[in-house]
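Read the structure below first, then the notes.
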Amino acid sequence: MSTPLALDADQAHTRLAELTVLDVRTPGEYASGHLPGALNVPLDQLDRALPALRALRGDLLVVCASGARSANACATLAGAGIRAMTLTGGTADWSRRGLALGRPASGGPGVWPMDRQVRFTAGTLVLAGLGLSLAHPAWLLLSAGVAGGLVFSAVSGTCGMAALLSKLPHNRPRPADLEATLEALAARASAPESTR
């Protein structure tokens with residue numbers, strides 16, 4: 001797999017007005033703060049957006065929390081013949097540099113980023129396994145299983161726990177939200193470049 005084209009936060013900030021920004025995090029993560037003007041298409045819904053993304057003119061910047069999911073998305077897009085760039089360091093680096101994050105008008109509490117959800121869940125399961133092992137030592141297998149999963153995740157660059165957590169209702173897009181995003185992408189594709 002080739003390395004996707006990348007922009008750092010400062011480069012992206014300078015070019016933000018001319019870019020179409022696609023945030024591939026979960027809707028809950030997107031609601032907690034995203035690049036201004038970013039459209040949310042969760043990574044597992046990217047295939048549904050391919051026709052609209054093929055029609056876009058101009059540069060496409062793909063964003064996630066750290067850059068890992070956006071790099072995966074760029075590989076998927078490249079396989080579909082769509083040229084895209086990734087944001088190095090993701091929204092975490094964007095925020096760390098003091099650049100503004102947008103939030104949906106609906107307000108409400110933000111959802112933790114996926115890496116934080118994974119750390120919380122893994123820690124809770126390890127502590128539960130240790131606590132329950134006082135009743136029966138076999139519960140230590142729960143803690144060992146989580147530890148093994150974390151090691152596998154680090155080595156493979158994939159995370160089964162994140163895949164499971166992304167299925168929770170607060171991490172899933174409402175169908176109307178995804179349709180609105182696809183309509184916005186279609187509108188961008190048909191708009192003259194000077195009006196973006």
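How many angstrom lie between the C-alpha centres of the range 49-74 and the range 120-168?
Comparing the Cα centres of the range 49-74 and the range 120-168, I get a distance of 31 Å.
Quick one, can you get me the convex hull of the C-alpha atoms of the range 114-165 expressed as volume per residue in Å³? It would help to have the intermediate numbers written out before the result.
On the way: hull volume 3.2 nm³, N = 52.
Per residue, the Cα convex hull of the range 114-165 comes to 61 Å³.
What is the order of R69, R188, R119, fewest Cβ neighbours within 10 Å to most?
On the way: R69 25, R188 18, R119 14.
Fewest-to-most ranking of R69, R188, R119: R119, R188, R69.
Summing Lys, Arg as +1 and Asp, Glu as -1, what charge do residues with Cβ under 14 Å from the Cβ of A12 carry, A12 excluded? Can you show the working numbers first?
Values: positive: R15, R96, R97; negative: D8, D10, E18, D23, D59, D93.
Charge balance near A12 sits at -3.
Give the order of W112, W94 when sorted by the count of other beta carbons within 10 angstrom, beginning with the fewest. Intermediate results must be reported in sequence, preceding the final value.
Working: W112 17, W94 24.
With the sparsest Cβ surroundings first, the list reads W112, W94.
Which whole-percent values make up P(r) of the chain when all C-alpha to C-alpha distances are grouped in 10 Å steps starting at zero?
In order of increasing distance, the bins hold 9, 33, 34, 15, 7, 2, 0 percent.
Please report the net charge: other residues with Cβ closer than 14 Å to the Cβ of S153, K and R +1, D and E -1.
Details: positive: R69, R119; negative: D115.
Charge balance in the 14 Å sphere: +1.
By average Cβ neighbour count within 10 Å, what is the ranking of 131-143, 54-66 from highest down? Working shown, then result.
On the way: 131-143: 12.4, 54-66: 19.6.
Per-residue mean Cβ counts within 10 Å order the peptides as 54-66, 131-143.
Per 0.36 nm of contour for each residue apart, how much would the distance between H13 and A80 grow if the chain were fully extended, relative to their Cα-Cα spacing?
Gain on stretching H13 to A80: 21.4 nm.
Return M85, M161, M114 ranked ascending by Cβ neighbour count within 10 Å, so the fewest neighbours appear first.
M161, M85, M114
Hydropathy first: keep DSSP H helices in the chain averaging at least -0.5 on Kyte-Doolittle, then drop any whose Cα extent along the axis falls short of 15 Å, and list what survives.
Details: long enough: 68-79 (17 Å, 0.45); 114-132 (27 Å, 0.70); 140-156 (24 Å, 1.91); 175-190 (23 Å, 0.26).
Once both thresholds are applied, what remains is 68-79, 114-132, 140-156, 175-190.
No value in this document is a laboratory result; all are computed from the given coordinates. None of the values given here were measured: they were computed from a predicted structure. All Cβ positions, glycine included, derive from the backbone under ideal geometry; neighbour counts span all protein chains shown.
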